[in-house]
Amino acid sequence: MSKVTKEMALDYHREGKPGKIEVVPTVPYSSMQDLALAYSPGVAYPCLEIEKNPADAYEYTNKGNLIAVISNGTAVLGLGDIGALAGKPVMEGKALLFKIFAGLDCFDIEVNEKDPKKFIEIVKALAPTFGGINLEDIKAPECFEIEQRLKEECNIPVMHDDQHGTAIISAAGLINALEIQGKNIGDVKLVVNGAGAAAVSCTRLYIALGVKKENVVMCDSKGVINRSRKGLNSQKEEFATDRDINTLAEAMVGADVFLGLSVKDVVTTEMVQSMAEKPIVFALANPDPEISYEAAMASRPDLIFATGRSDYPNQINNVLGFPYIFRGALDAGATAINETMKLAAVKAIADLAKEPVPSVVNAAYGMSNLKFGRDYILPKPLDPRLITAVSPAVARGAMESGVARRPITDWEAYNEKLRHLMGYDNKFMRRVTEEARRNPKRVVFGEANTDNMLTAAVNAYHDGVCIPILLGNEEMIEKRAKRLGLDIEGIEIVNLRHDREAERREQFAEKLAASRQRRGITRPEALELMFDRNYFGMMMVETGQADAMISGTYSGSKKAAKIAEEVVGIRPTYNHFATMHILNTKRGTFFMADTTVNREVDEETLFDITRLARNSVEYFAHDPIMAMVSYSNFGSHKEKEPEVARRVVERMHEAYPDLPIDGEMQMSYALNKKARDAAYPFSRINGKDVNTLIFPNLSAASTAYKMMLEMGLAEAVGPIQMGLNKPIHFISTDAAVRDIINLATVAVIDAAVLEKVGNGHDK
């Protein structure tokens, strides 16, 4: 896991628009007619309809997709009572998670009120605005009263995630861990260290699942909560034990399960060793667990161990639950989140961990064979199946328990809706980034003497996605880094033109001349070329001294692309290479090719581009559904360009009989499934949503993706090289820092796959 510095965090929160969320319109607003409909006089009509029937608010407003994250800042993360305003970044972050994982809109509301009764009245008064309320970071014991009162007095779902989120996720993990260990939940002895909101809620849910109350021992900072203790609050009194024990060490002897929601390093290896056979330890103190992963796993071989951290197996992470729980609750029009719905979420999460893990999840975590077992008791947070597993289960629970006002009847259609929510496909870069962090590679940054390239390299290094090698004059790079406030300590700088690199230039020249001697390059010429950043950096990759390169270009990638073809060559199964841009849009993720390399496109070139795009889309864990775009529709025009596209489609049909690809077709038909299916029902992509667009020439592809970017309709990753023997990627030096980092991240994945399987993924 990469180090997060104060400077990085502050820059992240203030760059661009300060904060992490914004409000955007969902309806047209460009004309006076639009504004008249949106506000006066048109807005009066939905107002009157809602006055007559309050349920119509779900039809005419965003109430049914709107969550409030509400806090008074009394228990913010591990920071304590820092106040409502200081807690706002956390609440914005929670709003972000609701949006990206479940497509739910969210307002963060920070209430400057510590009196529980006044706080309850404020939140109750705000409730008509929202479809659901997520209470956050409110200290115990007040949080219990606040949640209970609001659940009783509001007719929308209310949940204090600090309590129930951890309870639901850990309960799912417990069910699976017990199954693996061969233990019956009704027989296990449970020790809980911590007596706050989360600990109490977890214990209550475990009891609801079958743990016997008499088998529970709860501890706080003073030791075991037993009947001899005086002055216990009602929550602690609920779990006071009759056993004559006083310390955590005593409680752990013979225990089957340990749940920690306390502080780091309170559990020793001796305590773990004193537990029963095949124990389960959930050490969930944040950020450091009650016992370290290394110490726990070394203590005994029969242990199942979980933490709240992402850098160890079995992460207990609330994001597995709350976005999807509220998604299901709101979609069913639930008036509450009750025990039936929570238990449904528990079962859905637990069951999902037992399903075969798709390649997209394995790829995201740099693994090849994730499967249910000791190190995989819960789904991974980036598993895209969570939304279609948990949300429907919660919605069904709402219907079964009688709190659903809008019961779902068409479950297939509902699942389809969930799969197409914005938050599903926008996980692409998160998945890629997580994979890169697990196996960072050496990436050469060709133009480290430019501000954006240097900033990107340093940020990528500190983010843990790659090991940068900076090409350039070290003195100038150091001065530039100082001016930009960048910490370059630990980053390798290679001054390719310095005398100390003479031997390496000689070696590179010898190798290049040997490979190109019959293609016009002599050894003296090759030696001269080694003073060029692109030649030198690409030779580092070719000789294995680096794993990938980001070639910085000033005016397009043509020169750098030709050099790459000379130095590393094109993969044997192709005669051309190309580039692809990946665009994240509100409609999902789209792959577009060729966006930067092939200016003149004939049939053979377009055929290679199409094959390369197919392989690359699969490489990024998507099923390619491809459209060959043109100004013509299935032979409606007979000119050369659509004819070439048409022949390529025919060749693709012959080469890949099961591949959903068709064309040539206009962009409107490629992206409008309903119109396409009506006009051309014979299409091989009938009923399918296209995610891969192949353009007839570079002008069309470049114009299309750049227009989408400039109009704010998409975020892009690219250009991603396809078809070279080694990971050489091209980008302009004035590209945004984030774009360069994203491309470097993709280059790392490219290098990792090449290292593992070579070019065997070509088909």
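For this structure, a couple of remarks:
- Residue in the stretch 48-65 that is more than 27 Å from residue 391 (Cβ to Cβ) and either buried (at least 18 other Cβ atoms within 10 Å of the Cβ) or touching a His at 6+ places or on another chain (Cβ under 9 Å) (or both) present: no
- Residue count for the stretch 652-684, restricted to those that are touching a Lys or Arg at 6+ places or on another chain (Cβ under 9 Å) and not acidic (Asp, Glu): 15
- Cβ pairs under 6 Å, 6+ apart, first in the stretch 464-493 and over 26 Å from residue 435 (Cβ atoms), second assigned to a loop (DSSP other than H, G, I, E, B) and modelled with pLDDT under 90: 472/448; 472/449; 476/449; 477/448; 481/488
- Listed by first and then second residue, the pairs linking a residue in the stretch 723-743 that is farther than 15 Å from residue 454 by Cβ to a residue that is basic (Lys, Arg) and assigned to a loop (DSSP other than H, G, I, E, B), with Cβ atoms under 9 Å apart and 6 or more places separating them unless they lie on different chains, are 723/571; 724/571; 725/571.
- The set of residues in the stretch 94-122 being under 16 Å from residue 19 (Cα atoms), touching a Lys or Arg at 6+ places or on another chain (Cβ under 6 Å) and part of a helix (DSSP H, G or I) consists of 96 alone.
- Which listed residue is under 30 Å from residue 415 (Cα atoms) and surrounded by 15 or more Cβ atoms within 10 Å (Cβ to Cβ), from 260, 308, 223: 308
- Matching option when the condition is of a type in the set (A, V, I, L, M) and touching a Leu at 6+ places or on another chain (Cβ under 7 Å), among 257, 263: 257
- Qualifying residues in the stretch 695-740 (those that are within 30 Å of residue 25 (Cα to Cα) and of a type in the set (Asp, Glu)) - the one surrounded by the most Cβ atoms within 10 Å (Cβ to Cβ): 739
- Single residue of 284, 259 found to be in contact with a Phe, Trp or Tyr (Cβ under 6 Å, 6 or more places away or on another chain), among the aliphatic types (A, V, I, L, M) and either in contact (Cβ under 8 Å) with a residue 12 or more places away in the chain or not assigned by TED's automatic domain parsing to the domain that holds residue 340 (or both): 259
- The residues of the stretch 55-86 that are among the small types (Gly, Ala, Ser) and closer than 24 Å to residue 330 by Cβ, listed by number, are 55, 57, 64, 68, 71.
- If the condition is being surrounded by fewer than 22 Cβ atoms within 10 Å (Cβ to Cβ), more than 14 Å from the chain's Cα centre (by Cα) and in a loop (DSSP other than H, G, I, E, B), then the stretch 372-396 contributes 372, 374, 375.
- Taking the stretch 1-91 and the helices (runs of 4 or more DSSP H) fully enclosed by it, the elements with 2 or more residues that are more than 25 Å from residue 713 (Cα to Cα) are at 6-14, 44-52, 57-60.
- One residue stands out among those in the stretch 626-657 that are assigned to a loop (DSSP other than H, G, I, E, B) and surrounded by 20 or more Cβ atoms within 10 Å (Cβ to Cβ): the one that is nearest to the chain's Cα centre (by Cα), which is 630.
- If the condition is being modelled with pLDDT of 95 or more and either farther than 12 Å from residue 296 by Cβ or of a type in the set (A, V, I, L, M) (or both), then the stretch 248-265 contributes 248, 249, 250, 251, 252, 253, 254, 255, 256, 257, 259.
- Within the stretch 222-233, being at negative phi and at pLDDT 90 or above holds for 222, 224, 225, 226.
- Qualifying positions in the stretch 449-481 - over 19 Å from residue 747 (Cβ atoms) and either out of contact with any helix residue (DSSP H, G or I) (no Cβ under 9 Å at 6 or more places or on another chain) or not assigned by TED's automatic domain parsing to the domain that holds residue 500 (or both): 473, 474, 475, 476, 478, 479
- Residue 236 being at pLDDT below 95, basic (Lys, Arg) and either within 15 Å of residue 261 (Cα to Cα) or in contact with a helix residue (DSSP H, G or I) (Cβ under 6 Å, 6 or more places away or on another chain) (or both): yes
- Qualifying positions in the stretch 290-308 - in a loop (DSSP other than H, G, I, E, B) and closer than 22 Å to residue 220 by Cα: 290, 291, 292, 308
- Leading residue by the ranking (nearest to the chain's Cα centre (by Cα)) among those in the stretch 227-256 that are closer than 21 Å to residue 163 by Cβ and free of Cβ contacts under 8 Å to residues at least 40 places away in the same chain: 238
- Filter pass, residue 119 being more than 26 Å from the chain's Cα centre (by Cα), modelled with pLDDT of 95 or more and among the aromatic types (Phe, Trp, Tyr): yes
- The residue list 355, 270, 277 contains one member that is of a type in the set (Asp, Glu), surrounded by fewer than 24 Cβ atoms within 10 Å (Cβ to Cβ), within 26 Å of residue 100 (Cβ to Cβ) and outside the structural domain of residue 101 (by TED's automatic domain parsing), which is 355.
- Candidates 258, 239 - the one that is among the aromatic types (Phe, Trp, Tyr), within 18 Å of residue 283 (Cβ to Cβ) and in contact with a strand residue (DSSP E or B) (Cβ under 7 Å, 6 or more places away or on another chain): 258
- Candidates in the stretch 499-519 are the residues that are closer than 19 Å to residue 725 by Cβ, surrounded by 14 or more Cβ atoms within 10 Å (Cβ to Cβ) and among the basic types (Lys, Arg); of these, the one that is modelled with the lowest pLDDT is 516.
- Taken over the stretch 307-341, the criterion of being of a type in the set (Lys, Arg) and assigned by TED's automatic domain parsing to the domain that holds residue 264 is satisfied by 309 alone.
The values are calculated or read from the model by the stated rules, or taken from the named source; none is laboratory data. Please read these numbers as outputs of a predicted model, since none were measured by experiment. Positions of Cβ are generated from backbone atoms using ideal geometry, with glycine treated the same way; all protein chains shown enter the neighbour counts.
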